[in-house]
Amino acid sequence: MPAEPSPSPLRVLSGIQPTGRFHWGNYFGAIRQYIELQTAGDAYYFIADLHALTTVREPARLRALVHDAAVDLVALGLDPERATLFVQSDVPEVTELTWLLMTVTPMGLLERCHAYKDKKARGLAADAGLFTYPVLMSADILAYDATVVPVGEDQVQHIEVCRDLAGTFNHLYGDVFTLPKPRLVEAGARVPGTDGQKMSKSYENTIDVFEEPAVQKKKIMRITTDSRPMEEPKDPAGDHLFALHELVATPTQRAALADLYRRGGFGYGEVKKALVEAAARFFAEARQRRADLERDPDRIEAILAAGAARARAQAGAVLDRARQACGLERRPGRGRPRAAGSARPAGGGGSP
Ligand code: ADP
Ligand code: TRP
């Protein structure tokens, strides 16, 4: 097997599905790390509305979720001056690229992908959108010559599919695509929900990042706890209330609570109140930024328009490279004009 080419400049890319409002699991398990990576190199982040169409079937809800996701990401620290933030469906080049990739995608590869496989195993009807979901995701990545794709563990299989397809295409048609690498975001950060299971929309045990403080307080006060007597010392490790507090507390607050657990003689109600306060403090700045953004809707529109323009220029160049390589010529007066700069960047890319 030939050696991988020397690494190209770091280009970080990730997509986030707008299938619900962001909860603490999404933030601490994924979004926070994505945002931190915006300083590591050139960064592209997008709201994966085309992927969300495989689950969200109400247009008004999808529209609102896409808007909220954009506002939330900027409020949480995504810096549109540093990173390119855009909406997936604003870049039609990616769906065209999806087709080119589809022609080199073995059915068996998609049949093994877990989203489709799990649904089928549960006896549910799957549509072709869900089946080919990993091909669209591959196009998302390859269209931007991404080198690093930060994702949660559940998405690593899809990056492997992407590398496979890019490798096959390059093998057939030459050095067209850059092969990305997954960057697994901190596997230890499995955020528990209010019932102690993994926090997830599907378990209805979430604490949402930007929910109304009164609603959030109610949820926190209802977090399940055990019924051991107050006096009894308790081990903070493995206690989900403690784990949630740990996410939002300062190091001093964290240490103080750990001591309290080990000493015993406290009520869980006290801990829950401390959690409500720590959470309010932790997200106060983001909440303020969010409120400012909501008062100025033109600003988020301008951010997404600028992001889409940058993303389209990049995706257009890669699409042209791919079209030319496989024999789909662009002729004057037929179809979209060739994108500027569609030549392969120096140092990028590679064969399988
Ligand atoms: P949900 O389970 O609520 O449907 P998603 O699957 O939409 O959440 O989550 C998107 C990403 O957020 C995942 O790929 C994963 O990286 C991260 N994530 C979600 N829930 C958690 C959690 N409880 N702990 C850590 N990370 C999480
Ligand atoms: N499938 C990803 C998820 O559910 C979202 C996504 C779509 C994505 N396209 C991507 C992530 C490209 C990384 C790269 O979380």
field: The one condition in (1) touching a strand residue (DSSP E or B) at 6+ places or on another chain (Cβ under 6 Å); (2) away from ligand 2 (no atom under 16 Å from the Cβ) that GLY123 fails to fulfil
entry: (1)
message: Quick test of your reading of the structure: LEU101 fulfils all but one of (1) touching a helix residue (DSSP H, G or I) at 6+ places or on another chain (Cβ under 7 Å); (2) open to solvent by 60 Å² or more (accessible area, probe 1.4 Å). Name the failing condition by number.
response: (2)
- prompt: Which one of these is touching an Asp or Glu at 6+ places or on another chain (Cβ under 7 Å) and either free of Cβ contacts under 8 Å to residues at least 40 places away in the same chain or open to solvent by less than 60 Å² (accessible area, probe 1.4 Å) (or both): ALA256, ALA315?
  reply: ALA315
task: State all residues of region 159-170 that are out of contact with any Cys (no Cβ under 7 Å at 6 or more places or on another chain) and either at pLDDT below 95 or not charged (D, E, K, R) (or both); if no residue qualifies, say none.
output: ILE159, CYS162, LEU165, ALA166, GLY167, THR168, PHE169, ASN170
- prompt: Which ones in region 104-127 are within 23 Å of the chain's Cα centre (by Cα), open to solvent by less than 70 Å² (accessible area, probe 1.4 Å) and either closer than 30 Å to ARG336 by Cα or of a type in the set (Asp, Glu) (or both)?
  reply: ASP127
statement: Counting only residues that are under 24 Å from ALA311 (Cα atoms) and in a helix (DSSP H, G or I), region 81-136 contains a total of 19
field: Scan of region 54-76 for residues that are surrounded by 15 or more Cβ atoms within 10 Å (Cβ to Cβ) and assigned to a loop (DSSP other than H, G, I, E, B), ordered by number
entry: THR54, VAL56, LEU76
statement: Restricting attention to region 13-35, the residues that are away from ligand 2 (no atom under 14 Å from the Cβ) and either under 11 Å from the mean Cα position of the chain (by Cα) or modelled with pLDDT of 95 or more (or both) number exactly 4
Only listed residue being acidic (Asp, Glu) and within 16 Å of ligand 1 (Cβ to nearest atom), chosen from ASP90, ASP72: ASP72
query: Are any of the residues in region 149-162 more than 14 Å from ligand 2 (Cβ to nearest atom), assigned by TED's automatic domain parsing to the domain that holds HIS51 and either in a helix (DSSP H, G or I) or within 18 Å of the chain's Cα centre (by Cα) (or both)?
result: no
Residue list for region 165-219, filter: within 16 Å of ligand 1 (Cβ to nearest atom), open to solvent by less than 80 Å² (accessible area, probe 1.4 Å) and part of a helix (DSSP H, G or I): LYS219
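Listed here are the residues, each with its yes/no results for (1) without any contact (Cβ under 8 Å) to a residue 40 or more places away in the chain; (2) over 25 Å from the mean Cα position of the chain (by Cα).
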position: SER202; (1), (2): yes, no
position: ALA214; (1), (2): yes, yes
position: ILE220; (1), (2): no, yes
position: ARG228; (1), (2): yes, yes
position: GLU231; (1), (2): yes, yes
position: PRO236; (1), (2): yes, yes
position: LEU241; (1), (2): yes, yes
- request: Please specify each residue of region 11-25 satisfying the condition of being near ligand 1 (Cβ under 8 Å from one of its atoms) and closer than 16 Å to ARG183 by Cα.
  value: ILE16
field: The one condition in (1) of a type outside the set (S, T, N, Q); (2) outside the structural domain of ASN26 (by TED's automatic domain parsing); (3) touching a Lys or Arg at 6+ places or on another chain (Cβ under 6 Å) that LEU179 fails to fulfil
entry: (2)
- line: Expected output for region 128-154 (first residue without any contact (Cβ under 8 Å) to a residue 24 or more places away in the chain, partner within 16 Å of ligand 1 (Cβ to nearest atom) and open to solvent by 20 Å² or more (accessible area, probe 1.4 Å), Cβ below 9 Å, 6+ apart or cross-chain) is PHE131/ALA115; PHE131/TYR116
message: Can you pull out every residue in region 228-246 that is part of a loop (DSSP other than H, G, I, E, B) and surrounded by 15 or more Cβ atoms within 10 Å (Cβ to Cβ)?
response: LYS234, PRO236, ASP239
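The values are calculated or read from the model by the stated rules, or taken from the named source; none is laboratory data. Note that the structure is a prediction, hence the values are computed from the model and not measured. We place every Cβ from the backbone using ideal geometry, glycine too, and count neighbours over all the protein chains shown. Each accessible area value is taken on the protein alone, full model and side chains, heavy atoms only, with ligands, DNA and RNA left out. Shrake-Rupley method; radii C 1.70, N 1.55, O 1.52, S 1.80 Å.
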